[in-house]
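S.K.: Please find one structure pasted underneath; my questions will follow.
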Amino acid sequence: INWGNVFTVEPFGNDLVSLNITGEQVRTLLNQQWTETSTNILQLSGLSYTWSADLPIGKRVLDITLPNGDKIDPAKTYSATVNNFMAEGGDSYTILRNGTNKVTGPVDFDAFLSFVKANSPLKGSIEGRIKKVTQTPMDPAIVHPISDKDSVIEGKTESGAAIVATVNNKEIGKATAD
């Protein structure tokens, strides 16, 4: 690998920005890869996820897992490093504007060149961290009829779905599906 090869990969001279985002923001970020007019699949490290083209834009990402196999926690904070163009919402990754504790680091070219020098010869492999699956949209949540006297609501929906119980258009409770 020579200087020209590295420049081909990192030609813009963007600064790297480390920032914190929640697991829910990670899901939003991954879903922002698809817009009505384009698809920009992120090249990422440290996560694996499944997605389905059968689902609507904004809802295509299904499972997101950490390297240890645990599912990402929507409420937990995670660290990410992106270039300053993306950190400012470029390529429709607008959720990154909401990142916190932003620290600007080296220029992407310099960081990549240092990595290549420190780790040559480089070896690559397909890790299968991004998996396209066939997933048809779920049927709407099915819930048995309730009244304001019920203390338990039974039904079925997607795990993690927000549930809002209403009786006569009045909210009587909310929860997250197991």
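The values are calculated or read from the model by the stated rules, or taken from the named source; none is laboratory data. All values derive from a computational prediction rather than experimental measurement. Here Cβ is always computed from backbone atoms with ideal geometry, including for glycine, and neighbour counts include all displayed protein chains. Side chains are part of the model used for accessible areas, which takes the heavy atoms of the whole protein and leaves out ligands, DNA and RNA. Shrake-Rupley method; radii C 1.70, N 1.55, O 1.52, S 1.80 Å.
S.K.: Out of the residues in the range 43-70 meeting the condition of being touching a helix residue (DSSP H, G or I) at 6+ places or on another chain (Cβ under 8 Å) and farther than 14 Å from Glu127 by Cβ, tell me which one is surrounded by the most Cβ atoms within 10 Å (Cβ to Cβ). Before the answer, list the steps.
M.R.: Here is the first cut: in the range 43-70, the ones touching a helix residue (DSSP H, G or I) at 6+ places or on another chain (Cβ under 8 Å) are 47, 49, 51, 57-61, 64.
Within this subset, residues satisfying the condition of being farther than 14 Å from Glu127 by Cβ are 51, 57-61, 64.
On the way: Trp51: 22, Ile57: 13, Gly58: 11, Lys59: 15, Arg60: 20, Val61: 20, Ile64: 18.
So, considering only residues that are touching a helix residue (DSSP H, G or I) at 6+ places or on another chain (Cβ under 8 Å) and farther than 14 Å from Glu127 by Cβ, the one surrounded by the most Cβ atoms within 10 Å (Cβ to Cβ) is Trp51.
S.K.: Given the condition open to solvent by less than 60 Å² (accessible area, probe 1.4 Å) and within 11 Å of the chain's Cα centre (by Cα), answer yes or no: does some residue in the range 81-95 qualify?
M.R.: yes
S.K.: Take the residues in the range 104-120 that are touching a residue at least 24 places away in the same chain (Cβ under 8 Å) and over 25 Å from the mean Cα position of the chain (by Cα), then tell me which one is surrounded by the fewest Cβ atoms within 10 Å (Cβ to Cβ).
M.R.: Filtering the range 104-120 down to residues touching a residue at least 24 places away in the same chain (Cβ under 8 Å) leaves 104-109, 111-113, 116, 120.
If we keep only those that are over 25 Å from the mean Cα position of the chain (by Cα) as well, we get 113, 116, 120.
Values: Leu113: 18, Val116: 17, Ser120: 9.
The qualifying residue surrounded by the fewest Cβ atoms within 10 Å (Cβ to Cβ) is Ser120.
S.K.: Another question, then. For the range 27-42, name all the residues that are open to solvent by less than 50 Å² (accessible area, probe 1.4 Å) and out of contact with any strand residue (DSSP E or B) (no Cβ under 6 Å at 6 or more places or on another chain). Break it down stepwise before answering.
M.R.: First, pick out the residues of the range 27-42 that are open to solvent by less than 50 Å² (accessible area, probe 1.4 Å): 28-35, 38, 42.
Matches in the range 27-42: Thr28, Leu29, Gln32, Gln33, Trp34, Thr35, Ser38, Leu42.
Okay, residues lined up against (1) closer than 20 Å to Thr104 by Cα; (2) assigned to a loop (DSSP other than H, G, I, E, B):
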{"site": "Leu16", "(1), (2)": "yes, no"}
{"site": "Leu19", "(1), (2)": "yes, no"}
{"site": "Leu44", "(1), (2)": "yes, yes"}
{"site": "Ala53", "(1), (2)": "no, yes"}
{"site": "Ile64", "(1), (2)": "no, no"}
{"site": "Pro67", "(1), (2)": "no, yes"}
{"site": "Ser79", "(1), (2)": "yes, no"}
